[in-house]
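FYI, it's all coordinate maths here, none of it is from the lab. Worth saying up front: this structure is predicted, and the values here are computed from it rather than measured. Here the Cβ is made from the backbone with ideal geometry for all residues, glycine too, and neighbour counts use every protein chain on show.
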Amino acid sequence: MKIFYLIFIKLFGRTVNAKCKMRTKLMLAFVLCMSFMNCGKKSEKPIAKTNFSTEESKRIIINYNNGKPFLIGEKIGFHKVGIWKEFDILGNLASEENYDNNILTSFKSFYDNGNVKRSIMYSSREEQEYEYTISGIKTFSSVSEKLNNQEFALRTVDKYFKDGLLVKEHTYYDEDSDWTTRVFHMNGKLHRYYQLNEYEDYKFIQVFDSLGNQLLDYNEN
């Protein structure tokens, strides 16, 4: 406090009276206390956080000899992530794979005109596959799904199309099970409905004409 008082006297001279000296001392004491209080406060400025991840993202690019890209993708550590693209020698997109932490979740292949040729989607419970003509018309679909959370209890439905119309449908529950097949007329009406056992012997057959009239009804039992 004496230091602040001496500074004040040096600046304003020694002609102040006792009353002024007292006021000056009080003022300096207040300033000193406020200075100590401000020094004790913590800064409210936010502190930037740094993520010290040991796994870095790495861009993968492989080119043909002509300089055009053959493969483009990304890895984090040793794991593939995101979309991986493969190109033909002319630079057209040939296929595309999507990865979630090194797990393949989808696949697409393409015609030269950019239309999808084949598409597959994977999940923990289901797999879907589709095929198309170069003009984009669907020719095949297959959906396999797990039943009751069992690893090998699968139900698969394969469908075949012509000119966009469903012409045949297979349903089976695993590779060694019975096949149930439906074949359709081009007008959409059921043509044949039959079931084969695991030895490909007929268990039953039903045949219909294009008007829906039944032509055959066979059951081995």
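At 7 Å along the Cα-to-beta-carbon direction for both Arg118 and Leu90, put a label point, then send me their distance in nm to one decimal.
Roughly 2.1 nm, to one decimal.
Using only the alpha carbon atoms of segment 56-110, find the Kirkwood hydrodynamic radius as the inverse mean reciprocal pair distance, in angstroms to one decimal.
Evaluated over segment 56-110, this radius sits at 11.5 Å.
Under 1.5 on a/c is rounded, so check that first for segment 123-221, then, if it is not, pick prolate when a/b is larger than b/c and oblate when it is not; a ≥ b ≥ c are the square roots of the alpha carbon gyration tensor eigenvalues.
Verdict is oblate for segment 123-221.
Based on the Cβ-Cβ distance of Asp163 and Asn65, what FRET efficiency does E = 1/(1 + (r/R0)^6) give at R0 = 30 Å, to the nearest 0.05?
That gives a FRET efficiency of 0.10.
To the nearest 0.05, how large is the calculated FRET efficiency for Glu56 and Ile137 if R₀ is 35 Å and r is the Cβ-Cβ distance?
So, using R0 = 35 Å, E works out to roughly 0.20.
Suppose each label sits 7 Å from its Cα in the direction of the beta carbon; what would the Leu215-Tyr202 distance come out to in nanometres?
Result for the modelled spin labels: 1.2 nm.
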